[in-house]
Amino acid sequence: MRLGIFAKTFTRPTVEGVFDAIVEHDLNVVHFNFACAGLPSMPSEIPAGLAERIGGAAQRRCLEVAAVSGTFNIIHPNGKRREEGFQSLAVIAGHCRALKTQVITLCTGTRNAEDMWSPHPENESSEAWKEMLQGMENALELAEAHDLTLGVEPELANVVNSAAKARRLLDELQSSRVKIIMDGANLLHAPQIPNARTIWEEAFDLLGSQIVMAHGKDLALSGKFCAAGKGDLDWDLYLSLLQKVSFNGPLILHGLAEEEVEASVGRLQAKLVPTASMAARGLA
């Protein structure tokens, strides 16, 4: 398992400055976002040479670009907004080779027109599912054209809001190019934290073989997301479940402020070593 971080955790005038801040924290994996290059997260165009510059800056620092964000509301009620999102996704897909990554991360959308990360009653409708599925099929066409993988995260506020629905999505799409981003915090409402083992074990049983990336953020009993290690999640359990399914990909920190990075990295690094040792002995 390789510990990394969301690039947007750091605010610097240049991409090179962002990458320098990441490696200064002894991290060598990044989830990139074009906002770090002074563009919108979903840009309508990318200036010539910029993606090559980003990819080169990462390579010179021995920094792996594990994925790039291509997140927009795939079922936004406004059709024009959806169309703009897919146009930007196509732009990003066309520059992934220069970034030296093969993974674009997506969400499955919400009928909430104001906030991509807020729920809506219509998310449970068959119409929302059908529209989301069509959107994923459109994204898959881009993935096929550019030899990419789509990373999809079960998220309580979106159409795919559980491990069971993520499994259904994989089964209906039947594509090796669609993989799962596992985020333990995003599978739980705060009152469910004491029952996390049951929910997580089901999620790993259903999705464990399809995980392309894991996220590392915490959830407090108050209901607030926070930096890894500052909330109430059982990190020993979460990491052991990742080890149990032989996940050896990137574990990406996010949902934290820059001043919290050092402590979160320290907490997880300290847990990763004994967890890996236990897994090697067949104890995890």
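The values are calculated or read from the model by the stated rules, or taken from the named source; none is laboratory data. Quantities reported herein were computed from a predicted structural model and do not represent experimental measurements. Glycine also receives a Cβ, built like all others from the backbone with ideal geometry; neighbour counts cover every protein chain displayed. Please note that ligands, DNA and RNA were not included when accessible areas were found on the heavy atoms of the full protein model with its side chains. Shrake-Rupley method; radii C 1.70, N 1.55, O 1.52, S 1.80 Å.
Computed with the Debye formula from one identical point scatterer per Cα of segment 53-92, without solvent, the log10 of I(q)/I(0) at q = 0.17, 0.19 Å⁻¹ comes to -0.57, -0.63. As a fraction of the 1.4 Å probe accessible area of segment 223-273, surface on carbon and sulfur atoms comes out at 48 percent. Gain on full extension, evaluated as 0.36 nm per residue between D171 and E45 minus their Cα-Cα distance, stands at 42.0 nm.
What whole-number value in Å² describes the accessible area per residue of the chain for a 1.4 Å probe? Could you put the intermediate results ahead of the total?
On the way: 12570 Å² over 284 residues.
Heavy-atom accessible area per residue stands at 44 Å².
Atom-type composition of the exposed protein surface of segment 46-167 places 49 percent of the accessible area on carbon and sulfur (1.4 angstrom probe).
Dipole magnitude for segment 31-180: computed about the Cα centre from +1 point charges on Lys and Arg Cβ and -1 point charges on Asp and Glu Cβ, it is near 520 debye.
Pairs of Cα atoms under 8 Å, at least six residues apart: use those to get the relative contact order of the chain, whole percent. Present the calculation step by step, with values, prior to reporting the outcome.
On the way: 526 pairs, mean separation 47.1, N = 284.
Worked out over the chain, it gives 17 percent.
The lysine pair count for the chain, using Cα distances under 20 Å and pairs eight or more places apart or on different chains, is 16.
In percent, what relative contact order does segment 46-104 have, based on Cα pairs under 8 Å that are 6 or more apart in sequence? It would help to have the intermediate numbers written out before the result.
On the way: 46 pairs, mean separation 28.8, N = 59.
Reported relative contact order: 49 percent.
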